[in-house]
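In what follows, a single structure is set out as structure tokens and then discussed.
The values are calculated or read from the model by the stated rules, or taken from the named source; none is laboratory data. The model shown is predicted, which means the values in this text are computed figures rather than measured ones. A quick note on method: Cβ atoms are made from the backbone with ideal geometry, for glycine too, and the neighbour counts reach across all protein chains shown. Accessible surface is based on the protein model in full, side chains and every heavy atom, while ligands, DNA and RNA are left aside. Shrake-Rupley method; radii C 1.70, N 1.55, O 1.52, S 1.80 Å.
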Amino acid sequence: MFYREAGQFKTSYKADQALFPILQDRIGIAVILIIAFAVIPAFANDFFLTSIMIPFLVFALAAIGLNILTGYCGQLSLGTGAFMGVGAYAAYKLTSIFPDANVIVMVLVSGVFSAAIGAVFGLPSLRIKGLYLAVTTLAAQFFLEWCFIRIPWLYNYNASGAIEVPRREMFGFIVTGAEALPITRYFVVLCITAGIAFLMANVLRGRIGRSWMMIRDMDIAAELMGVRPLRTKLMAFAVSSYICGVAGAMMVFFWLNAAEPSSYSIRLSFQILFMVILGGLGSLGGAFMGAAFIWILPVLLKFVPGLLGIDIAAETVEHATFMIVGALIIFFLIVEPHGFARLWQIAKQKLRVWPFPY
Amino acid sequence: MKDFKQLAIGAAVALGVGLTGVMAPVAQAQDSNYVPLLTYRTGPYAGSGIHIANGMHDYLKMLNERDGGIGGVKLELEECETGYNAQKGVECYEATKGKGALVYNPYSTGITLQLIPKASVDKIPVLSMGYGLSAAADGNVFPWVFNVPDTYWDGASVVIKYIGEQEGGLENLKGKKIGYIFLDAGYGREPIPLLEQLAEKYGFELLQYAVPGAEMQNQSSQWLNVRRDRPDYMVMWGWGAMNPTAIKEAVKIRFPMDKFIGVWWSAGDDDAAAGGEGAKGYKAMNFSGVGSDFPALADIQKHVIDAGLSSTDAASVGGTLYNRGVLNSVIIAEGIRTAQELTGKKVITGEDMRMGLEALDLDEARLEELGLKGFAHPMKVTCEDHAGSHPVFIQQWNGEKWQQASDWIEPMTDLVRPLLEAAAKEYAEKNAPWPARTEPCPN
């Protein structure tokens, strides 16, 4: 009833191949965009923007990046954290080498370095598959993290070994550094994430995306049909790393303001991987849902005891949050191993036939 | 499926409650001074963090219970769990800064580095007591950051001076080998520039052994190298689980423990106790009192611990890290008191707190008044010097507890200060445009 596409006739190929062919989806996306671009900026306080929305968008973008590699192309990777780190360090070096350049351009360019490194570490994927590939990408994670610690040139020989984001302005607004307003940073992050998500939604349903999925589903058959594994896999690695790199650069430039190598540790890789698995492999919407679950839920859970008037110690809340989120992850994976994206599809189907399920 | 529905409803309610909490305007209490405590009782560094957190919490709580706060105004304390994680630390900062926070104690060099640029914007001082960015000691460049009583560079110079004393003079260091084992993070790398300079000046050889944070519980390869290199002394900059592991490994290779010296963060009771009988003789620097034989600590025992207002295990009172936490809170409390005197206000703001900390003068008489005679060396902060390069002492583990093993040793201020100023200048240049100091000097 709510999701019926009956009666929505398409009269041109263009309309039939649109990104959102169903009217309800178009309305839904429009509502989400209005909320993101107008409602949240109008009503949210600084904490909501800086500690919930900005990290959520950054993680969602990183999850999209990993989803392209793991969800769409079937190459398991544990190096996401390091590829994000490459983006962050590249953006930091670029801004210190070209102090007058536009910082958003620098952030977008930094992904190119990450893409190059990702493609290099993607080379073993031509011979190695599945879990074994996870091990080689794990090597990338440890090697790159070692570089962040051991190559002082990367952090401009700071005694602290950390990278710190300087103040940069754009069109009269301060966009990075401590003085940048949360709202400005939020808009920058939102525009980049939404832009890349839109771009990828189109790439994924085109020739390139389909060749990735062919490789994922059966690489020999794909090869026989004329998809070159070398080019396709490396492209998946490069595109995925590019997006992760941009997300990593945004993480330090628009969220944390400073980062140590440990910010890009294996922990981050797993965090992103869980977002992808929980959200749904091979789904862009799932990347957003997974990021929301892994990042936003624990932050909100922390406020529950205080508001209910229960006075418990900070570390107990932390432990409880840990356990609740862990239990929920197991629960959702048992109920629906294909993640939130699949749950949403089921819900859509139910809405469609409601109130007369058959 | 019914269960699922209930769970879904439950989750939705919980989320809704959480969301309203986040969006609700922050109520600012007008009749109390709000002090957020960024602590970590979970994660890999909890072993050290719990004692610090207890010490900080208990002293301030005791002031509330015994004196009704400071200057007649209660302190509102709130702990926020960071897990030594920079992301969570920033989240804690954002969640608490709007409630009128007076000062932040991040207890992590990583979190400190992220808060330093924010401090001047949000007008809330950062008190990183004996850790964080050494260069922040230059108050002209970092008016909002305080690292009293000492920077890591002061500490490194004291270690070398002490080793020199043991050898009968700094000139006898020539040709000696000094090993430096450190947590491979901003924290452990901080003293290296100074140690290198001292090595050049006094002609000893500096051997570096880096311990990556992820592998701090497995240091056998580093200590194998130590056994091969046979350094005359070992110096350690460790934290959390790294400390007990290093001490155990040192015992295993039979390194002479009285030639193994840790920084003040490698001076926990649990750290040394992990080495068992063999750890006897291990030394560490310290700047806060040893033992629980102080009237103020007795008050904590009476008003807080016996009253069941704290999660502190009574046996840990008087431990090095617990006392360190107490000292941290003494500095906060004295900062608030000084600020109240300077401004004449009872309920102060972060800006007043900054003035209070900058005018901090914790002399012998005041320490005695607080019931902490001999608990710490008298401390004074000036507008130029936010660390003060105060003397520290060496303590030694006798197998059961720590004992003071040396007098107060002055850092080599003449060497450290120019380095600090140069580093501060460099930081400001790298982070240009760094705001110039406009805050008035209260002294």
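Quick rundown of the values:
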read-out: Farthest positive-ward along the range A:21-353 dipole, Cα basis, beta-carbon charges - from A:294, A:99, A:42; value: A:294
read-out: Gain upon complete extension [residue A:143, residue A:325; 0.36 nm per residue less C-alpha separation]; value: 62.4 nm
read-out: Highest-fluctuation residue, B:168, B:325, B:89 considered, GNM on chain B with Cα pairs under 10 Å; value: B:168
read-out: Among the listed pairs A:302/B:430; B:248/B:430; B:201/B:283; A:10/A:348, those beyond 30 Å (Cα-Cα); value: A:302/B:430; B:248/B:430
read-out: Per-residue mean of C-beta atoms belonging to partner chains within 10 Å, peptide A:313-326; value: 4
read-out: Sum of -39500 (n - 2.57) over DSSP H runs of 4+, divided by residues of chain B (222 nm, nearest 500); value: -13500 deg cm²/dmol
read-out: Theoretical FRET efficiency, 1/(1+(r/R0)^6), r = Cβ-Cβ of residue A:153 and residue B:66, R0 45 Å, to 0.05; value: 0.25
read-out: For peptides B:279-286, B:102-109, A:224-231, A:318-325, sequence by mean Cβ density within 10 Å, most packed first; value: B:102-109, B:279-286, A:318-325, A:224-231
read-out: Solvent accessible area, Å² - residue A:4, 1.4 Å probe, full protein context; value: 130
read-out: Fluctuation leader among B:175, B:291, B:356 - chain B, Gaussian network, Cα springs under 10 angstrom; value: B:175
read-out: Separation of alpha-carbon centers, the range B:28-82 and the range A:234-251, rounded to whole Å; value: 42
read-out: Chain A - mean residue ellipticity at 222 nm from DSSP helices (-39,500 (n - 2.57) per run, n ≥ 4, rounded to 500); value: -20000 deg cm²/dmol
read-out: Sequence-separation-based contact order of the range A:21-353, relative, with Cα cut under 8 Å and 6+ spacing, percent; value: 30
read-out: Zone residues, the range A:83-108, relative to residue A:267, backbone N less than 17 Å from point 7 Å out along Cα-to-Cβ; value: A:83-85
read-out: Sequence of A:251, A:214 from largest to smallest accessible area, 1.4 Å probe; value: A:214, A:251
read-out: Computed E for residue B:230/residue B:196 - FRET, C-beta separation, R0 25 angstrom, nearest 0.05; value: 0.75
read-out: Amide H within-cut-off set for residue B:78, under 5 Å, with H built and near neighbours excluded; value: B:35, B:37
read-out: Modelled FRET efficiency - R0 45 Å, residue A:310 with residue A:173, Cβ distances, 0.05 increments; value: 0.60
read-out: The range A:21-353 - percent of accessible surface contributed by carbon and sulfur, probe 1.4 Å; value: 73
read-out: The range B:217-235 versus the range B:361-414: alpha-carbon centroid distance in Å; value: 31
read-out: Spin-label zone in the range B:278-303 - amide nitrogen under 20 Å from a point set 7 Å from the Cα of residue B:404 along the C-beta vector; value: B:281-299
read-out: Alpha-carbon centroids, the range B:124-173 and the range A:162-218: separation in whole Å; value: 42
read-out: Distance in nm between pseudo-label sites at residue B:174 and residue A:15 (7 Å out along the Cβ direction from Cα); value: 9.4
read-out: Interface burial for B against A (accessible surface, 1.4 Å probe, total of both chains, Å², rounded to 100); value: 4100
read-out: Most mobile of B:122, B:232, B:414 in a GNM of chain B (Cα contacts under 10 Å); value: B:414
read-out: Nitroxide proxy distance, nm - points 7 Å out along Cα→Cβ at residue A:332 and residue A:101; value: 3.8
read-out: Net charge, residue B:410 excluded, C-beta distance under 15 Å - Lys, Arg +1, Asp, Glu -1; value: -3
read-out: Cα shape, the range A:21-353, gyration tensor, a/c 1.5 rule; value: rounded
